Amino acid sequence: MTMYFLPKKISYSRAAIEKRDAQREEVKQKTPTVYIQPDIEPYISPTTGELISSRKAHREDLKRSGCRVYEGREQETKEAARVRAEQDRRAESKISEAVEKTFYDLKYNRTPPARRATFTWE
């Protein structure tokens, strides 16, 4: 004759359950997870027309063609503003240098004879 024993019903307090859950969460956080990202599907580059079959080839193609990965409208707006500000800074610098050079050329009469104008400096 086989005898079966039913386990006793054990009741846990809320604090004990929360403590157990916290310990489980701590173990989950300490457990390292590894994810190996698969390589990309081969595609034809829209800019160069070459077959791109790896992430390395993708990065090199972007670098070679002067492009970047689309990161959403907000990021594109920020990048466009940054590029515009850099272009404005370069243009302002060139204008400033040209004005300064022209000023000193006129002041110290360093212009070619055919282009000389007469100015009086007071």
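The values are calculated or read from the model by the stated rules, or taken from the named source; none is laboratory data. Note that this is a predicted model, so its numbers are computed, not measured. Cβ: placed from backbone, ideal geometry, glycine included. Neighbour counts: every protein chain shown.
Some points to look at:
- Unique residue being assigned to a helix (DSSP H, G or I) and at pLDDT 95 or above when the list is ARG64, ARG84, ARG59: ARG84
- Check on SER65, among the polar types (S, T, N, Q) and under 30 Å from THR111 (Cβ atoms): no
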